[in-house]
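Asker: What follows is a single structure, and I will ask about it in a moment.
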Amino acid sequence: MRTSRPLPWWAREAFYEVYPRSFQDSNGDGIGDLPGVAQRLDYLKDLGVGALWLTPFYPSSGFDGGYDVTDYCAVDPQLGTLADFDRLVAEAHRRGLRVVVDLVANHTSSEHRWFLESRSGRTSPKRDWYVWRDPRPGGGPPNNWLSFFGGPAWTFDPPTGQYYLHQFLPQQPDLNYRNPEVVEALLEVARFWLERGADGFRVDAAWVLVEDRRFLDEPLNPDWRPGMRERERLVHVYTEDQPETHHFLRRLRSLLDAYSAPGEERVLIGEVYLPLPRWVGYYGAETAPECHFPLNPALVELPAEAWQAGALGDLVAAYEATLPPWAWPSWVLGNHDRPRVSTRLGSERARLAHLLLLTLRGTPTLYYGDELGIPDGAIPPDRVQDLAGLREWGGRWTRDAARTPMAWDAGPNGGFTTQSPWLPLHPDARERNVASQRQEGRSMLNFVRAALHLRRERPALTQGSYRAQRAPDGVLAYERAQEADRVVVLLNFQGSPVQTGVRGRVLLSTHMDREGREQAVALRPFEGVVVDPGGARGAQVVG
Ligand code: ISL
Ligand code: CA
């Protein structure tokens, strides 16, 4: 996107991912719900984000945290009603907040009526809505494809003698996007939520919607090592990133564009885990756009030991160089599928990571609770809810750990619920919660809030250009500039202090204890700062 034009809201605002079951319980059943989210909108407004992404709140069979949908056009009774959704959207809009919903497009629940009809017989009018194949000659699954959650991507259905495809759980049969009726049905679902005021979609599993129609075996991955996820044994040349997936996303984008007005765009966000050269494909083309932005997995997947100035600088440079000029970057630190950033990096580096997230060029997406530095929860084996995730990680980790309830105050259950919560809160919820961090001047919460507000206030940070700067070893330095507005960001990713030659006014430090004019900014271990060089020529960072 050329930066001289005013930015659309989805490029200007920070997004915030809410896992509705874990945000706020409103009726004392221990499960967060939509009215609960509505109660906390003032918090989000004050924090400084501009849009919420709600993970699935639809009726589901409960095998995959809501991602096994039984009815796309309703609300799970545990989480509320359609009227609650309407109220949530109205209340959000009244505060200038946008609401994006999850579109679980790749698959339905095996209990969805479409699938029940499809599996009822080979001549069912919905048979072809899913991907059915005969056993391979001599028996067994049609090919070697593997599911994300472990085991084959095929399950045999004895009554009809065929296998059906599921990239995820057997309870999540893949829809067949080669059938035009399926495309229409999903577009109809999208219309339903657009009519109800949704500001857009995060398309789940957007890079695996369609598979190659020859159904050939996938080649073995020569780089697979024990400890890696089972699905990575194969190279996914036939099950990921197929051209027909892009066709669907283009159709969906056209629909969203038809529902958009200047200043009121409906946004298409895709979940895409691919290497950068293929990941950028999910923006589509300038004349045939797909996602406004795909969620960027790079920082979510970056191993802790690679959080170094050099590697990060290279990573950002690669994105800046690869994105076409009209495409807008996206940055993410964590989500409901991966260990939390505080646990991956530790609390000091989690602050640095947030300063990076909120000062890079592009739309940042925050994950609920990370603004408090919540660590992964300890989930006793008898309380594990997410069996799918346990399978995905070979039993080594459960996604529940990253989905524990939000802590609002020091009261019982962190103010999340008056009853027993569906998952335990993090162990230090009595100290680590919104109320206590509000009172503590230098808390993670106050830091993230300050960074979000600074980002809004400075055109350089919201829409300015990005330019890497030379810096001493261990320091990532870059300048953001929009016309006369200019800031320099300095991030010390090493455990020792370092002197930079930067002169100017410190606007914000991860340590929250310095502001003001300095002749040569020195950084403490793992400290990050935003500096206003004040038009001074001294902004060059010299090692
Ligand atoms: O690592 C992954 C991809 O390389 C996976 O974790 C991937 O993010 C995930 O399997 C796809 O995620 C989405 O769809 C799933 C659901 O379980 C996840 O919660 C959701 O984010 C199936 O709907
Ligand atoms: Ca509830």
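The values are calculated or read from the model by the stated rules, or taken from the named source; none is laboratory data. Given the structure is predicted, the values throughout are model-derived calculations rather than measurements. All Cβ positions, even for glycine, are placed from backbone atoms using ideal geometry, and neighbour counts span all protein chains on display. The protein model used for the area step is the full one, side chains on, heavy atoms only, and it has no ligands, DNA or RNA in it. Shrake-Rupley method; radii C 1.70, N 1.55, O 1.52, S 1.80 Å.
Asker: Scan the stretch 408-425 and give yes if some residue there is part of a helix (DSSP H, G or I) and within 16 Å of ligand 1 (Cβ to nearest atom), otherwise no. Let's see the steps before the verdict.
Answerer: Kept after step one, since they are part of a helix (DSSP H, G or I), are these residues of the stretch 408-425: 412-415.
Next, only the ones that are within 16 Å of ligand 1 (Cβ to nearest atom) stay: none.
Among the residues of the stretch 408-425, not one is part of a helix (DSSP H, G or I) and within 16 Å of ligand 1 (Cβ to nearest atom), which makes the answer no.
Asker: Please verify whether Thr55 is more than 16 Å from Leu423 (Cα to Cα) and within 15 Å of ligand 1 (Cβ to nearest atom), treating the condition exactly as stated. I'd like the intermediate steps shown before the answer.
Answerer: On the way: more than 16 Å from Leu423 (Cα to Cα): yes; within 15 Å of ligand 1 (Cβ to nearest atom): yes.
Answer is yes for this residue.
Asker: On to the next question. Conditions: (1) away from ligand 1 (no atom under 14 Å from the Cβ); (2) surrounded by 15 or more Cβ atoms within 10 Å (Cβ to Cβ); (3) part of a helix (DSSP H, G or I). Arg231 meets all but one. Number of the miss?
Answerer: Result: Arg231 passes all but (1).
Asker: Exactly one of these conditions fails for Leu508: (1) farther than 26 Å from Val434 by Cα; (2) within 31 Å of the chain's Cα centre (by Cα). Give me its number.
Answerer: (1)
Asker: Also, I was wondering about something else. Any idea which residue in the stretch 45-86 is nearest to Glu17 (Cα to Cα), counting only those that are among the hydroxyl-bearing types (Ser, Thr, Tyr) and within 16 Å of ligand 2 (Cβ to nearest atom)?
Answerer: Looking at residues that are among the hydroxyl-bearing types (Ser, Thr, Tyr) and within 16 Å of ligand 2 (Cβ to nearest atom), I get Thr55.
Asker: Which condition number does Leu116 fail, the rest of (1) of a type in the set (A, V, I, L, M, F, W, C); (2) over 25 Å from Pro421 (Cα atoms); (3) surrounded by 20 or more Cβ atoms within 10 Å (Cβ to Cβ) being met?
Answerer: Failed condition: (3).
Asker: To continue, here is another question. Being among the aliphatic types (A, V, I, L, M), within 16 Å of ligand 1 (Cβ to nearest atom), free of Cβ contacts under 8 Å to residues at least 60 places away in the same chain and in contact with a Pro (Cβ under 8 Å, 6 or more places away or on another chain) is the requirement here; does Val69 meet it?
Answerer: Criteria met by Val69.
Asker: Right, next: Residues to consider are Ser109, Ser26; find the one that is more than 30 Å from Gly362 (Cα to Cα), of a type in the set (Gly, Ala, Ser), more than 16 Å from ligand 2 (Cβ to nearest atom) and in a loop (DSSP other than H, G, I, E, B). I'd like the intermediate steps shown before the answer.
Answerer: Numbers: Ser26 fails: more than 16 Å from ligand 2 (Cβ to nearest atom).
On inspection, the qualifying residue turns out to be Ser109.
Asker: Among the residues in the stretch 200-221, are any within 30 Å of Asp84 (Cα to Cα), under 22 Å from the mean Cα position of the chain (by Cα) and away from ligand 1 (no atom under 16 Å from the Cβ)?
Answerer: Scanning the stretch 200-221 turns up at least one residue that is within 30 Å of Asp84 (Cα to Cα), under 22 Å from the mean Cα position of the chain (by Cα) and away from ligand 1 (no atom under 16 Å from the Cβ).
Results for (1) in contact (Cβ under 8 Å) with a residue 24 or more places away in the chain; (2) part of a helix (DSSP H, G or I); (3) out of contact with any Gly (no Cβ under 8 Å at 6 or more places or on another chain); (4) surrounded by fewer than 24 Cβ atoms within 10 Å (Cβ to Cβ), shown as yes or no for each residue.
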position: Leu52; (1), (2), (3), (4): yes, no, yes, no
position: Phe57; (1), (2), (3), (4): yes, no, no, no
position: Cys73; (1), (2), (3), (4): yes, no, yes, yes
position: Gln78; (1), (2), (3), (4): yes, no, yes, yes
position: Ala83; (1), (2), (3), (4): no, yes, yes, yes
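Asker: Being away from ligand 2 (no atom under 15 Å from the Cβ) and open to solvent by 50 Å² or more (accessible area, probe 1.4 Å) is the filter here; which residues of the stretch 396-435 pass it?
Answerer: Listed by number, the residues that qualify are Arg396, Asp409, Pro412, Pro427, Arg430, Glu431, Arg432.
Asker: Does Pro20 meet the test of being within 16 Å of the chain's Cα centre (by Cα), within 16 Å of ligand 2 (Cβ to nearest atom), crowded, with 21+ Cβ neighbours inside 10 Å and not aromatic (Phe, Trp, Tyr)?
Answerer: Yes.
Asker: Of the residues in the stretch 1-22, how many are part of a loop (DSSP other than H, G, I, E, B) and within 16 Å of ligand 1 (Cβ to nearest atom)?
Answerer: 1
Asker: In the stretch 303-336, which residue that is surrounded by fewer than 18 Cβ atoms within 10 Å (Cβ to Cβ) and outside any helix (DSSP H, G or I) is nearest to ligand 1 (Cβ to nearest atom)?
Answerer: Per the stated criteria, the residue is Pro303.
Asker: Still on this structure, please answer the following. Scanning the stretch 149-160 for residues that are surrounded by 20 or more Cβ atoms within 10 Å (Cβ to Cβ) and under 26 Å from the mean Cα position of the chain (by Cα), which turns out modelled with the lowest pLDDT? Break it down into steps so the answer makes sense when it comes.
Answerer: Our first condition is that a residue be surrounded by 20 or more Cβ atoms within 10 Å (Cβ to Cβ); within the stretch 149-160, this holds for 149, 153-154.
Subset that is under 26 Å from the mean Cα position of the chain (by Cα): 149, 153.
On the way: Phe149: 95, Ala153: 98.
The residue in question is Phe149.
Asker: Follow-up question, since we're still on this one. With the structure loaded, tell me whether Gln39 is more than 16 Å from ligand 1 (Cβ to nearest atom) and without any contact (Cβ under 8 Å) to a residue 24 or more places away in the chain or whether it fails that test.
Answerer: yes
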